[in-house]
1. Give the peptides 74-87, 143-156 in descending order of average Cβ contacts within 10 Å, highest first.
2. 7 Å from Cα along Cα→Cβ at both Lys141 and Ile35: what's the point-to-point distance in nm?
3. For the ranges 14-27, 126-139, what's the packing order if you count other beta-carbon atoms within 10 Å of each residue, average per peptide, and put the highest first?
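Read the figures in this text as sums done on the coordinates, not as results from a lab. Note that the structure is predicted; figures quoted are calculated from it, not measured. With ideal geometry, Cβ positions are generated from the backbone for all residues, glycine too; neighbour counts draw on all protein chains shown.
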Amino acid sequence: MVKNTDNFIMLPTVDFCFKELMKNDKVRKGFVAAILGKAAFCDVETGELYTDLMEIHMLELRKLPPEAQNEKGIIHWMRFLGGKKREEFEDMAKQGEYIGEAYEELKKLSLDDQKRLEYELRQKAIRDYNSQMNSAMRRGKEIGEEQGLKKGRRDALRELIGKKLEKGMPLEDIAEFMELKPEEVRELAEEWKKEQ
């Protein structure tokens, strides 16, 4: 079912949307043509090509420089993939046949209720995953800090007990002086002796 009730447009950086765009032969042809032959493995010092059988392309949209005149190829596609608003896509669509086709496909996808639902579910799954990971990292950091403080306290107590033992103070007096249970002082004293 297709409807045009709002200004919604899918973002091509969401993997679902990108995969759907690549199903269009013309969009795929334009994108692949833009990335082929731009990077290869070669010796850094001599510039000698290792092989022409393998290439790696890293498209880091966040590192894309400000827009320049006469952009084409992969940079043009990176701008398209990094677009956030319908107006940006409309402007880019005017700059090339393949980007124009990609924008038309993006509009069709955005109007399709089923595709939109799949897109929004994928976006939600990504947000949920990122939220869970951030929460787990925060909790892990809190637990680590807690454990670090406990270990630091225990290490400091062990060292202090060791200094008192070196001065000849009995364990019972150390426990009373430090307001600790005698068993705990005995345990820390044993740990200190093992370290010596």
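1. On the way: 74-87: 17.5, 143-156: 10.5.
Top to bottom by mean Cβ count within 10 Å: 74-87, 143-156.
2. Taking the two extended label points, one gets 3.3 nm.
3. Details: 14-27: 16.1, 126-139: 10.2.
Highest to lowest by the protection proxy: 14-27, 126-139.
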